[in-house]
1. Suppose each label sits 7 Å from its Cα in the direction of the beta carbon; what would the Asp173-Ala135 distance come out to in nanometres?
2. Below 8 Å, C-alpha to C-alpha, sequence gap of six or more: please give me the relative contact order for region 106-262 in percent.
Amino acid sequence: MLRRSRVPLALLLPVAATAFALGPAAATPGPPTTPTTPAIPVPPARPVAAGGISFPFGFVVGDSAHPTTSRVAKLGSELAFPPGRFDGALLGLNGTVPITGKLAVPAASSYFVTFRFMPATATVALIPSGDATGAVTVHTGRNGDCAAVGTDICADTDVVNSVSVKLSDARVDGRALDVGPDCRTAEPARVEIKGLLPLAFPAQPRKVSTTFTLPAFTGCTGHEDFSRLFSGLVSGPGNTLVTDLVLRCVGNGAPPNGCGAP
């Protein structure tokens, strides 16, 4: 017969914190590189504009040396994510044009020691809510508008990714904390990325950062509902995300520098 058990609040606070807690990581520009494609099965988004122009591109999002980090304002702590990717397309090449794409970032396993002796762990996943959308203004000229990135083609980018934050596999001192199968933010967080990005090789990594609001949590229900606890500890404005975007491919040419045929 299963026995209902309660976990003291003092033990729940650490696991809520550790869902977003890791040591800080710096992201600094590196030398020009042609990165290998990470093994993340996400097909490039290749919509066709009204005029029939669709210019595909792809970026690696963070890397092992400079991972994508998110700092949660209420906790003053950071979470580092494994390398991911963004595959998208420009719906035109002249002036300001629409952009669309798909973001894929693997879940992050966090580890934290509370009270100097009690370990706590959790898994944090970013679940996209539809495609990323926005607009870019395309520029040309290595010594002109694209001088800052050092490529012949570049784009002033403003794209919004809507992602839900999902928590799972929460443990305190090795003991499982049942948060249910669908513990996540009640609505997606709106993460806006702005910056001048390269669209030609060779290209250096470009660091981008943004500030976003983390919505309240819902569905964190196993034996008990921990949604309000997680919301009180981590939800709110002023959170930051910092990542290095490394150009992976451009155009319909053959890989590795082309994104392949649609």
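Bear in mind that the values in this text are calculations on the coordinates, not laboratory data. On a predicted model such as this, the values are computed, not experimentally measured, just so you know. Neighbour counts are summed over all protein chains in view; Cβ atoms, including those assigned to glycine, are modelled from backbone coordinates with ideal geometry.
1. 5.7
2. Numbers: 374 pairs, mean separation 27.6, N = 157.
Relative CO of region 106-262 lands at 18 percent.
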